[in-house]
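Inspection log for the structure reproduced underneath, given as structure tokens.
The values are calculated or read from the model by the stated rules, or taken from the named source; none is laboratory data. On a predicted model such as this, the values are computed, not experimentally measured, just so you know. Cβ coordinates were reconstructed from backbone atoms using ideal geometry, including for glycine residues, and neighbour counts include every protein chain displayed. Ligands, DNA and RNA are stripped out before the accessible areas are found, and what is left, the full protein with its side chains, is counted by its heavy atoms. Shrake-Rupley method; radii C 1.70, N 1.55, O 1.52, S 1.80 Å.
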Amino acid sequence: MAKPRTRYVCQGCGSVQGRWQGQCPDCSEWNSLVEDAGAVVTPFSARHNLRGGGRAIALVGLDKEVPLPPRASTGIREFDRALGGGIVAGSAILIGGDPGIGKSTLLLQAAAKIAVRGLAVAYISGEEATDQVRLRAQRLGLGAAPVKLAAATSVRDILTTLGEGPPPALLVIDSIQTMHSDLIEGAPGTVSQVRASAGELIRYAKESGCALVLVGHVTKDGAIAGPRVLEHMVDTVLSFEGERSHQYRILRAAKNRFGGTDEIGVFAMGDGGLDEVGNPSALFLTHRGEAVPGAVVFPALEGTRPVLVEIQALTVRLASGATPRRAVVGWDAGRLAMILAVLEARCGLSFSTCEVYLNIAGGYRVSDPAADLAVAAALVSALSERPVPAEAVAFGEVALSGELRPVSHGALRLKESAKLGFERAMVPASLKAEKGSMPLTGFRTLRDLVDHLLGR
């Protein structure tokens, strides 16, 4: 049991003495020392007191002018867009995606373009031999790029090799789940190994100014495998999305300390690797000569980029007593159930005897609440077999009361729609048309939209 340390404090000058004295030795006052019980001191606290013995750090204010971190273009505009403008020197980037989605292909293309500009690039593969990476580069037409390749899994060997010369401008590790540190027990891919290996590589990137890109495996749910702390350690987390059965790929930023997380990069898989898609709407719109019931074009918004997609709905009448089915591809099934409930409760339409199928064309996934109005229009069109005009787009949020609410960036959605040849828009009545924009057909409630589509 630790004993409290007794001390004597002068009431005149505040000096502290270890024993009582009649006169204070500092201010010469008589009878001014008063006993005061100090803090309890234990052997543990004496050895682990962190209030002293450290190095003073410099504190700066928020108003201090600091230069922006330099960025290097990857040579792929869509990749730079997702990164926020390019790769920041000394940053750590984690990119994840399903197997075979194109992660290694994209990074090899970016590494080759950076190396051709005269910057040093090191590509370390823990899953493939150097000959396999070289063969892929030749198939992509990148065989002449001066990229330094290596097949290694030991973090100590990698850092020792890189320390023998100047640090590269870009270091690609494919993948972090194959790396291991001899300071930690366990097989590669375990939580402790992934955390330790990533920590050493990130420390090297921060100290040397080398941009680090880590490829991460994903689980069956689509989350990056390994410890969750891995995503906290890096500066940027990119997710490579898409179906291998579809042509398109979307690179989406889930975290970015040097830019926004609302931008996407769109790619198309071709014979020569991943090609940039400057106009993503061309991938997701169906080119048809006449209007079809149940098809409505919706201007989705990904960051600052509008993407026009086609929402397709189909209703099938069932015999009495059969249980109808609800199937959704590319949208939230719960959101569809809500729209159907509002159509039945507020608009007098009955879907109880119909099977309902909803699809977002091209394999695109929509999470924007502005799609409510377009989905409702597609459902009404499919139920009544009355096509929505092919030159019209629709967007707006539907409330449970049936009210149509405005959504963000309406002018940007209208501008992109007009650019692609659409001539009118069905929107909430509160959205006002700007000068020079396309004609708007405003609706206050969902019932007004139903009456318009049914010609009531």
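The residue list ALA370, ALA341 contains one member that is under 22 Å from THR445 (Cα atoms), assigned to a helix (DSSP H, G or I), of a type outside the set (Phe, Trp, Tyr) and free of Cβ contacts under 8 Å to residues at least 60 places away in the same chain, which is ALA341. If the condition is being assigned to a strand (DSSP E or B) and under 24 Å from the mean Cα position of the chain (by Cα), then segment 96-122 contributes GLY96, GLY97.
Would you check if SER154 is open to solvent by less than 40 Å² (accessible area, probe 1.4 Å) and either out of contact with any helix residue (DSSP H, G or I) (no Cβ under 7 Å at 6 or more places or on another chain) or more than 23 Å from LEU274 (Cβ to Cβ) (or both)? Considered against the rule, which asks whether it is open to solvent by less than 40 Å² (accessible area, probe 1.4 Å) and either out of contact with any helix residue (DSSP H, G or I) (no Cβ under 7 Å at 6 or more places or on another chain) or more than 23 Å from LEU274 (Cβ to Cβ) (or both), SER154 comes out as yes. Residues of segment 205-236 that are crowded, with 22+ Cβ neighbours inside 10 Å and part of a strand (DSSP E or B): ALA211, LEU212, VAL213, LEU214, VAL215, GLY216, ILE224, THR236. The condition (being farther than 30 Å from MET438 by Cα and under 35 Å from the mean Cα position of the chain (by Cα)) is satisfied by just one residue among ALA337, ALA295: ALA337. Filtering segment 111-160 to residues that are among the acidic types (Asp, Glu) and within 24 Å of SER197 (Cβ to Cβ) leaves GLU127, GLU128, ASP157. In the set (1) part of a helix (DSSP H, G or I); (2) out of contact with any Cys (no Cβ under 9 Å at 6 or more places or on another chain), VAL380 fails one condition alone, (2). When GLY421, GLY436 are checked against the criterion of being farther than 13 Å from VAL297 by Cβ, surrounded by fewer than 19 Cβ atoms within 10 Å (Cβ to Cβ), modelled with pLDDT under 95 and not β-branched (Val, Ile, Thr), a single residue qualifies: GLY436. Please determine, by comparing only the residues of segment 185-204 that are within 29 Å of PRO69 (Cβ to Cβ) and of a type outside the set (Gly, Ala, Ser), which one is surrounded by the most Cβ atoms within 10 Å (Cβ to Cβ). So, considering only residues that are within 29 Å of PRO69 (Cβ to Cβ) and of a type outside the set (Gly, Ala, Ser), the one surrounded by the most Cβ atoms within 10 Å (Cβ to Cβ) is VAL194. Can VAL407 be described as open to solvent by 10 Å² or more (accessible area, probe 1.4 Å), within 16 Å of VAL375 (Cβ to Cβ) and in contact with a Gly (Cβ under 9 Å, 6 or more places away or on another chain)? When the stated conditions are applied, VAL407 passes them.
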